[in-house]
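To keep things clear, I will list the structure first and then write my remarks on it.
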Amino acid sequence: MRMIGITGGVGSGKSEVLSYLQEHYGGRAIEADKAGHLLMKKGGRCYRPIVELFGREVLDGEGELDRKKLGAIVFRHADLLEKLNRIVHPAVKNYILEETEKAREAGEKFVFLEAALLIEEKYDEICDELWYVYAEEGVRRERLKRSRQYSDEKIRDMMASQLTEEEFRRHCCFVLDNSGSFQATVQQLEQRMREYETV
């Protein structure tokens, strides 16, 4: 089984790449962000520690964590953000390791792991290789405005908080250029995946 970590800046198209890979090559696709959301739901392993840390005012009417309220608090308090990350990030990593083991036991050929913080959270220690989904900054800005209606200020802040292109390239063994049409991206993906057929 081969475990491929997929990362890149916001708006680069990581999720689209992940969807294509799972649809055409099978295996198990894991999104770290979605895993985090799952673990923060009522009954999830992060729910109680977060409520204990922030209090019940971060809950919505259904008793679920209100991510907007939580986000507003940690945006103003770096120390609380650090504490939140210390709850969520290790739990996400454990979840990913469990899912990877299930894939191995099921005899699956690939695990595709998509995470914005793949490098920062040292997922290279559990992945066989890392891929960088690259897209030109202008393209990423347009995508984020169109698909998520983000403001220029929000996009600037998000991009500034992420690794530089040089850092991504330094850690990843394969760069996928997703600046143009997705069909051009697909051609690069298929060429890369053909390499595994001979291994």
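Quick notes on this structure:
- Contact map, segment 173-199: residues that are in a helix (DSSP H, G or I) paired with residues that are open to solvent by less than 70 Å² (accessible area, probe 1.4 Å) and of a type in the set (D, E, K, R), Cβ distance under 8 Å, separation 6+ or inter-chain. Pairs shown: ALA184/ASP177; THR185/ASP177; GLN188/ASP177; TYR196/ARG2.
- Candidate set: segment 26-54, residues that are without any contact (Cβ under 8 Å) to a residue 60 or more places away in the chain and not in a helix (DSSP H, G or I); chosen: the one least open to solvent (accessible area, probe 1.4 Å): CYS46
- Residue in segment 2-23 that is surrounded by fewer than 19 Cβ atoms within 10 Å (Cβ to Cβ), among the acidic types (Asp, Glu) and under 26 Å from PHE110 (Cβ atoms) present: yes
- Test: residue in segment 75-96 that is within 14 Å of the chain's Cα centre (by Cα) and of a type in the set (Phe, Trp, Tyr): yes
- Total residues in segment 132-150, condition surrounded by 15 or more Cβ atoms within 10 Å (Cβ to Cβ) and not basic (Lys, Arg): 7
- If you filter segment 163-172 down to residues that are open to solvent by less than 50 Å² (accessible area, probe 1.4 Å) and part of a loop (DSSP other than H, G, I, E, B), you find that the one that is nearest to TYR123 (Cα to Cα) is CYS172.
- Every residue from segment 132-150 that is free of Cβ contacts under 8 Å to residues at least 24 places away in the same chain and under 17 Å from the mean Cα position of the chain (by Cα): ARG148
- Residues located in segment 157-199, provided they are more than 21 Å from the chain's Cα centre (by Cα) and of a type in the set (Phe, Trp, Tyr): TYR196
- Residue within segment 72-83 that is outside any helix (DSSP H, G or I), touching a residue at least 40 places away in the same chain (Cβ under 8 Å) and either open to solvent by 40 Å² or more (accessible area, probe 1.4 Å) or farther than 30 Å from TYR196 by Cβ (or both) present: no
- Candidates GLU129, GLU153, GLU125, filtered to the one that is open to solvent by 40 Å² or more (accessible area, probe 1.4 Å) and either of a type in the set (Phe, Trp, Tyr) or under 17 Å from the mean Cα position of the chain (by Cα) (or both): GLU125
- If you go through segment 55-65 and keep only what is out of contact with any strand residue (DSSP E or B) (no Cβ under 7 Å at 6 or more places or on another chain) and assigned to a helix (DSSP H, G or I), you end up with ARG56, GLU57.
The values are calculated or read from the model by the stated rules, or taken from the named source; none is laboratory data. Quick caveat: nothing in here was measured; it's all calculated off a predicted structure. Backbone-built Cβ (ideal geometry, glycine too); neighbour counts: all protein chains shown. Accessible surface areas use protein heavy atoms only, side chains included; no ligands, DNA or RNA. Shrake-Rupley method; radii C 1.70, N 1.55, O 1.52, S 1.80 Å.
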